[in-house]
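Student: First, the structure itself, so that you have it in front of you.
The values are calculated or read from the model by the stated rules, or taken from the named source; none is laboratory data. Note that the structure is a prediction, hence the values are computed from the model and not measured. For neighbour counting, all protein chains shown are included, and Cβ atoms are generated from backbone atoms with ideal geometry for every residue, glycine included.
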Amino acid sequence: MTTPAAVQTLDLSTRFPDGATPDARPGYSGWLVDKSRLVEFATALRDEFGYDYLSSVTGVDYLPEGKMEVVYQVYRTTGGSGVMFKVQVPRQDPVEVPSLVSIYPGAEFQEREAWDLLGIKFSGHPDLRRILMWEGFSGFPLRKDWHEPYFEEEAKPYKNRWPDGKIVQAESNNPYADNIAYPPDFSPEAESFDPEKALYDALRKYQKNEIGLNTDHIIVNLGPQHPSTHGVFRVAVMLDGEEIVNLKPVMGYLHRNHEKIGERNTYLMNMPYTDRLDYLASMSNNFGYALAVEKLMGIAPTERADYIRVLMAEMTRISNHLFLIGTLLNDLGAYFTPMLYALEERELILDIFEAVAGSRMMCNYFRFGGVARDFPEGTFQKIKEIFFERLPGKIDEIDRFLSENEIIRSRGVGQGVLTAEDAIRYSVSGPMLRASGIPYDLRRAEPYSIYDRFEFDVCTRKNGDIYDRLMVRFDEIRQSIRIIQQAVKQIPPGPVTSVKPMYQVRVPAGEAYGRVEGPKGELGFYIVSNGKPTPWRYHVRAPSFINLTAFGPMCIGQKVADVVGILGSIDIVLGEVDR
Amino acid sequence: MDSNELNSPGFDIPPEIKGQIAITSLDRIYNWGRSASVWPLMFGLACCAIEMICTAASRFDLARFGMEIMRPSPRQSDLMIVSGTVTKKMMPTIVRLYNQMPEPKYVLAMGACASGGGPFKEGYNVVSGVDRFIPVDVYVPGCPPTPQALLNGLMKVQEKIRGESIKNSRWYKKGSDLAEIPIPILGPDLIDPRKLDLIKNEAKLQEQA
Amino acid sequence: MNDMYGKGILKGLSVSLKRFFETYLDDLSWIGRRYNTDAGIAHRGSKDARGIFTVQYPEEKIPVPEEFRFIPFLVYNEGPNGEKNLLCTSCGICAKVCPPQCIWIVRSTDPATGRPIPDPAEFYIDADICMNCGLCAEYCPFDAIKMDHDYELAAFGRHIYNKAMLSKPTKYYESIRPENATRENAARAAKLAARTAPTKAD
Ligand code: SF4
Ligand code: SF4
Ligand code: SF4
């Protein structure tokens, strides 16, 4: 199933004798591609080598070297390890790199993010606007020489906390007594601000329908305060009557600067912050981050810790899917009752998290080399009771409750279809990809941790519509229960951490990309270390953010009322979309 | 209920209105009605919103407090539960929502983020607490507050409501509905219109330096 | 799907109906014990929970598990005259490990010699920044800072805690986290024994 690394090396270097060289920096891997050959290189990877799935695009600011780097990760949807390639450009504005949207449309939002936060201009990008911050914000926040208003020091821990830690609120160090700073020549009256203009201009760029009546098109905004957007998410739609002709998601209303803060935190400090990415599935986030850092550190967890991790990750998947089923059915019109049924079961799982990790949602349970602590007394019994005796029946009950309901079916079947080809092109992952018929699940495609020891099916559906995306989640819950039942039977006794608990870990210089199959899709962490206690670059490949790339294309041609259902079936969580 | 009890609405009565039995007893009824039918705004910001949903769901059941009707429209709600991180990009919307809520209105800051910035306080897009812009009545700490902690906060809101009096309530005063909070502007950074002078001053200072 | 239209709806309604009756069945079979009793609350959070799932806070409270964490507090040993001897030695590890950096510690100095002494002069936690992560408690080498169980902290103002507000007695700690406390006490005793044993020998 996996492609041996040697074969790739051979193929790529003979295919590109010039223009692509292996990345020889210690701790790094992948290929350095010449900027002028990038498009050609990517096309060849996709068409000749079968790397059809672009997982992640991000930038790194190498300030000391005076370089900006764009890092790409591509994979095959048939499974196996991937290829990482990079482009380096000098760090003088404009930092310009050719866009890969024409080859991998899934790069669209990710390139916009790199432009927004790092100021890397992607020439040829169809709609290069800011994505997380608003249009008109000054500066590129993730650049290493950009400092926020509350800037204290380059790295934590800050010196003024101890031993002479007179309490100082961050506000008191700022001239405005607030978290704000303006460019030096700023005068509020001289300028007028319209952060929305670029969005509406982009919306108006659509293919005009030349046949039929010439009707006026109107723009409708859903959100950011809207009951069906699952948080602070905004959708701007261009309508022709009831029909959607263009749609742009607007995000960033919950942009909490996860990556900037993460590059100041020590490695351990980032662990509780990852909880707040996808706050419905904190254990999965912990998992991905722990795997990435462990890869860099070259350590492995103990056997028992591995089992505990898998147990936790699968329970998280179930609780996440339960929440999704509740909200999606809610969006499809079944007001709150399915939500109540689903949340009851979720509460029982949260009780387990609370007993084990100490918190219902923000578990902060994984540590490098294991987990924070072993199960307390009685928890194991509880897990057995819930997952052997209660949940299987309850899932069937919720399934029976609405899955055959005529209204749900007519609102779901055939609506918001995403074909298999499109799903791959738009880098969609997780249950959404599988609902379109692609059996791509990282737990099988590139098994991490101990997933190769369990028997489970990769659930797929055929049509890729809302209904299939709902049903695939039911299937996945059943498979997760299967995994949990196996893990409960196999789990060995022993220690839960393989290293001595330390609050300051030594991470050698290098880079690592760790990815897990989160409940929402492929959750990746790209970490660059320069040997210091804090990461140099800390990037999160957020599945629900990238899954949104397909949102617009899925909606075009549909009725406006279906936007809510389609959005609901993507399963976004804003903490992760906006980070 | 004897008349003494009727006349003690749970707070100190200023001497000048001590004799006004009608008002204080009316207050009790008025506040009892209001505190038992607080309609929160269906308004979730971040992780805390999930706990808010859980509070409204089966296990904690907000309906027991007369709060089950979460209105998605600010025009129909009394209580804004600011449940999560307040970002600069979201701030104009929040202020607008607050302005649109009819009096009497209450604000509950749920979680560390809404109260004082929370773990993401240092971030460039994060507002250090929603009370920078809108007045907050009750602060609930925690990250996230568990549903029971939120319920505790909601009971504090009820307690506050019960302590109010028709006599001096701000929403019966003239012009109270005109007191809108100026909506912040998204410029190169968030601009608070109330701070324009300060900003200009600061710009001058920088020029001189 | 050539079934009769409406069959799916009926099927769904039957689930609702079943749950409706279950409510009364469960109330009957647990009559008198279901509400306001510990067994009743536990039953509603167990695998057999059916019927009304609600825990009627504030009259009933879901028991918090031992590991539950909310805001940290400082543990002190009560002295013979009621003085509070904090276990904290102001070593600063918690301030260093705290992810959002919401702990401020002033180390005290001996007024006579000017040397630092192991006792914090001031200790602040800004609870409106604290993310309840528990790392401070996890890495404190002296078991001096622990995560509290008290979540009923809503107030009309912000929460910035100083040393006095954070201090809680050892007894309280032992009451909320009995297993942890026993384990830690045993470990401390063992350490002490190991340290004193050789000195006695020579
Ligand atoms: S207080 Fe904590 S849980 Fe609540 S929104 Fe902020 S980070 Fe999320
Ligand atoms: S609480 Fe613990 S870690 Fe913090 S300064 Fe005191 S002894 Fe050190
Ligand atoms: S719980 Fe976490 S955030 Fe709060 S004081 Fe302790 S280390 Fe800091």
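Student: So which residues in segment C:101-112 are more than 8 Å from ligand 3 (Cβ to nearest atom) and facing another protein chain (nearest Cβ under 7 Å)?
Tutor: Result: C:W104, C:I105, C:V106, C:R107.
Student: Can you say whether B:V138 is buried (at least 24 other Cβ atoms within 10 Å of the Cβ) and over 26 Å from A:P272 (Cβ atoms), as far as the supplied structure shows?
Tutor: No; evaluated as a whole, the condition is false for this residue.
Student: Also, quick follow-up: Return a yes/no flag: does segment A:477-484 have any residue that is at pLDDT 90 or above, closer than 27 Å to A:S55 by Cβ, touching a Pro at 6+ places or on another chain (Cβ under 7 Å) and not aliphatic (A, V, I, L, M).
Tutor: Taking every residue of segment A:477-484 in turn, none turns out to be at pLDDT 90 or above, closer than 27 Å to A:S55 by Cβ, touching a Pro at 6+ places or on another chain (Cβ under 7 Å) and not aliphatic (A, V, I, L, M).
Student: Scanning segment C:95-140 for residues that are small (G, A, S) and farther than 25 Å from B:G111 by Cα, which turns out surrounded by the most Cβ atoms within 10 Å (Cβ to Cβ)?
Tutor: Looking at the filtered set, the residue picked out is C:A121.
Student: Condition first: within 13 Å of chain C (Cβ to nearest Cβ) and either part of a loop (DSSP other than H, G, I, E, B) or not polar (S, T, N, Q) (or both). Now tell me which residues in segment A:161-178 satisfy that.
Tutor: A:R161, A:W162, A:P163, A:D164, A:G165, A:K166, A:I167, A:V168, A:Q169, A:A170, A:E171
Student: Give the residues of segment C:144-170 that are more than 15 Å from ligand 3 (Cβ to nearest atom) and without any contact (Cβ under 8 Å) to a residue 24 or more places away in the chain, sorted by residue number.
Tutor: If the condition is that a residue be more than 15 Å from ligand 3 (Cβ to nearest atom) and without any contact (Cβ under 8 Å) to a residue 24 or more places away in the chain, then C:E152, C:A154, C:A155, C:F156, C:G157, C:A164 are the ones that fit.
Student: Also, I was wondering about something else. Across segment B:43-88, what is the number of residues that are of a type outside the set (D, E) and within 26 Å of A:D278 (Cβ to Cβ)?
Tutor: Of the residues in segment B:43-88, 29 are of a type outside the set (D, E) and within 26 Å of A:D278 (Cβ to Cβ).
Student: For segment A:254-271, does any single residue satisfy the condition of being within 16 Å of ligand 3 (Cβ to nearest atom) and over 23 Å from B:C113 (Cβ atoms)?
Tutor: Within segment A:254-271 (the criterion being within 16 Å of ligand 3 (Cβ to nearest atom) and over 23 Å from B:C113 (Cβ atoms)), the answer is yes, since at least one residue qualifies.
Student: With the checklist (1) touching an Asp or Glu at 6+ places or on another chain (Cβ under 7 Å); (2) touching a residue at least 60 places away in the same chain (Cβ under 8 Å) in hand, flag the one item A:R425 doesn't pass.
Tutor: (1)
Student: Applying the selection to segment A:216-275, what residues are aromatic (F, W, Y) and not assigned by TED's automatic domain parsing to the domain that holds A:Q558?
Tutor: A:F233, A:Y253
Student: Between a residue in segment C:128-139 that is within 13 Å of chain B (Cβ to nearest Cβ) and under 15 Å from B:Y139 (Cβ atoms) and any residue that is more than 9 Å from ligand 1 (Cβ to nearest atom) and in a helix (DSSP H, G or I), which pairs come within a Cβ distance under 6 Å, given they are 6 or more apart or on different chains?
Tutor: These pairs meet every condition: C:D128/B:G116.
Student: Which residues, counting only those in segment C:107-126, are in contact with a strand residue (DSSP E or B) (Cβ under 6 Å, 6 or more places away or on another chain) and away from ligand 2 (no atom under 11 Å from the Cβ)?
Tutor: Across segment C:107-126, the qualifying residues are C:S108, C:T109, C:D110, C:P116, C:I117, C:A121, C:E122, C:Y124, C:D126.
Student: Could you figure out which of (1) surrounded by fewer than 24 Cβ atoms within 10 Å (Cβ to Cβ); (2) within 16 Å of ligand 3 (Cβ to nearest atom); (3) in a strand (DSSP E or B) isn't true of C:N180?
Tutor: (3)
Student: When residues of segment B:126-167 are filtered for being within 30 Å of B:D189 (Cα to Cα) and within 15 Å of the chain's Cα centre (by Cα), how many remain?
Tutor: Qualifying residue count, segment B:126-167: 13.
Student: Determine whether B:I161 is in contact with a helix residue (DSSP H, G or I) (Cβ under 7 Å, 6 or more places away or on another chain) and either assigned to a helix (DSSP H, G or I) or within 14 Å of chain C (Cβ to nearest Cβ) (or both).
Tutor: For B:I161, the condition - in contact with a helix residue (DSSP H, G or I) (Cβ under 7 Å, 6 or more places away or on another chain) and either assigned to a helix (DSSP H, G or I) or within 14 Å of chain C (Cβ to nearest Cβ) (or both) - is met.
Student: I'd like to check something: does segment A:126-144 contain any residue that is surrounded by fewer than 23 Cβ atoms within 10 Å (Cβ to Cβ) and outside any loop (DSSP other than H, G, I, E, B)?
Tutor: The answer is no, given that none of the residues of segment A:126-144 is surrounded by fewer than 23 Cβ atoms within 10 Å (Cβ to Cβ) and outside any loop (DSSP other than H, G, I, E, B).
Student: If you go through segment A:319-349, how many residues are within 10 Å of chain C (Cβ to nearest Cβ) and among the hydrophobic types (A, V, I, L, M, F, W, C)?
Tutor: 4
Student: Taking segment B:174-209 on its own, how many of its residues are at pLDDT below 80 and under 27 Å from C:A155 (Cβ atoms)?
Tutor: Residues in segment B:174-209 being at pLDDT below 80 and under 27 Å from C:A155 (Cβ atoms): 2 in total.
Student: Follow-up question, since we're still on this one. How many residues, within segment B:102-126, are of a type in the set (D, E) and within 16 Å of ligand 3 (Cβ to nearest atom)?
Tutor: So the count comes out to 1.
Student: Something else now. Suppose we keep only residues that are within 13 Å of ligand 2 (Cβ to nearest atom) and touching an Asp or Glu at 6+ places or on another chain (Cβ under 9 Å) within segment C:77-100. Which one would you say is nearest to the other protein chains (Cβ to nearest Cβ)?
Tutor: C:V97
Student: Quick check on segment A:101-124. Is at least one of its residues in a loop (DSSP other than H, G, I, E, B), farther than 17 Å from A:F545 by Cβ, touching a residue at least 12 places away in the same chain (Cβ under 8 Å) and among the hydroxyl-bearing types (S, T, Y)?
Tutor: Yes.
Student: Then there is this: Could you check C:L74 against (1) touching a residue at least 12 places away in the same chain (Cβ under 8 Å); (2) surrounded by fewer than 18 Cβ atoms within 10 Å (Cβ to Cβ) and say which number it fails?
Tutor: So the condition that C:L74 fails would be (2).
Student: Just to be sure before I move on: is C:A137 within 14 Å of the chain's Cα centre (by Cα) and within 16 Å of ligand 3 (Cβ to nearest atom) in the structure I sent?
Tutor: Spelling it out, C:A137 is indeed within 14 Å of the chain's Cα centre (by Cα) and within 16 Å of ligand 3 (Cβ to nearest atom).
Student: Can I ask one more? Could you say which residue among B:P144, B:P104, B:P119, B:P135 is part of a loop (DSSP other than H, G, I, E, B), facing another protein chain (nearest Cβ under 7 Å) and not small (G, A, S)?
Tutor: B:P144
Student: Checking the condition within 14 Å of chain C (Cβ to nearest Cβ), within 17 Å of B:A149 (Cβ to Cβ) and of a type in the set (S, T, N, Q), which residue from B:S128, B:S58, B:S83 passes?
Tutor: Within the list B:S128, B:S58, B:S83, the selection yields B:S83.
Student: Which numbered condition in (1) in contact with a strand residue (DSSP E or B) (Cβ under 9 Å, 6 or more places away or on another chain); (2) at the interface with chain C (Cβ under 10 Å from one of its Cβ atoms) is the only one that A:S359 fails?
Tutor: Failing condition for A:S359: (1).
Student: Next question, about the same structure. Being free of Cβ contacts under 8 Å to residues at least 40 places away in the same chain and under 17 Å from A:S138 (Cα atoms) is the filter; apply it to segment B:169-203 and report the residue that is nearest to the chain's Cα centre (by Cα).
Tutor: B:I191
Student: Restricting attention to segment C:46-76, which residues are within 14 Å of chain A (Cβ to nearest Cβ) and either within 21 Å of A:Y158 (Cα to Cα) or within 16 Å of ligand 2 (Cβ to nearest atom) (or both)?
Tutor: Answer for segment C:46-76, where residues must be within 14 Å of chain A (Cβ to nearest Cβ) and either within 21 Å of A:Y158 (Cα to Cα) or within 16 Å of ligand 2 (Cβ to nearest atom) (or both): C:R69, C:I71, C:P72.
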